[in-house]
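Dropping the structure in here first, questions after.
The values are calculated or read from the model by the stated rules, or taken from the named source; none is laboratory data. Model, not experiment: these values are computed from the prediction. Glycine gets a Cβ as well: all are built from the backbone with ideal geometry, and neighbour counts include every protein chain shown.
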């Protein structure tokens with residue numbers, strides 16, 4: 001790959017070719033659509049859904065771990081956890097290894113809510129991937145994982161730091 005792709009024309013971004021914008025626009029549209037759907041049908045938003053989905057995969061984790069995995073700020077996670085707790089969907093358990101933090105887990109009600117939303121989330125994903133061949137989906141997944149792997153380097157970039165000599 002070349003060091004630098006030309007993404008500007010007339011000193012402005014070409015939004016049809018600037019990957020961060022395309023990914024952000026897609027993510028924003030998916031999130032707002034999911035939030036509207038989940039609020040209407042389950043009285044939770046997309047942030048609460050993301051936490052439910054993560055807790056189904058990884059039980060007994062801290063809010064900090066949730067922030068790391070999902071990439072949300074602490075305030076958004078805290079608000080969503082408060083709502084889920086009030087609904088009886090999650091429980092907080094004191095961490096025996098670290099008395100300052102709590103571990104969060106799904107309750108039976110939280111698992112039921114998760115399972116209801118899961119079916120809708122998978123239907124929405126199928127609609128998003130409509131027209132894709134199985135091989136294209138696999139390529140897309142590989143590329144998304146590659147992008148995700150580069151996030152640390154991207155977020156550590158300092159425009160005032162040393163110039164990269166990487167190709």
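Hey, residue 63 hits all of (1) surrounded by 13 or more Cβ atoms within 10 Å (Cβ to Cβ); (2) closer than 19 Å to residue 27 by Cβ; (3) in contact with a helix residue (DSSP H, G or I) (Cβ under 8 Å, 6 or more places away or on another chain) but one; which does it fall short on?
Answer for residue 63: the failing condition is (2).
Can I ask one more? Hey, among the residues in segment 26-60 that are surrounded by 13 or more Cβ atoms within 10 Å (Cβ to Cβ) and in contact with a strand residue (DSSP E or B) (Cβ under 8 Å, 6 or more places away or on another chain), which one's nearest to residue 81 (Cα to Cα)?
By that ranking, first place goes to 51.
Among the residues in segment 32-42, are any in contact with a helix residue (DSSP H, G or I) (Cβ under 6 Å, 6 or more places away or on another chain), closer than 17 Å to residue 119 by Cβ, at pLDDT 95 or above and not in a helix (DSSP H, G or I)?
no
When both residues are 6+ apart or on different chains and their Cβ atoms are under 9 Å apart, which pairs have a first residue that lies in segment 121-140 and is free of Cβ contacts under 8 Å to residues at least 12 places away in the same chain, and a second that is in a helix (DSSP H, G or I) and surrounded by 11 or more Cβ atoms within 10 Å (Cβ to Cβ)?
129/136; 129/137; 129/140; 132/140
Somewhere in segment 95-115, is a residue over 30 Å from residue 152 (Cα atoms) and at pLDDT below 95?
yes
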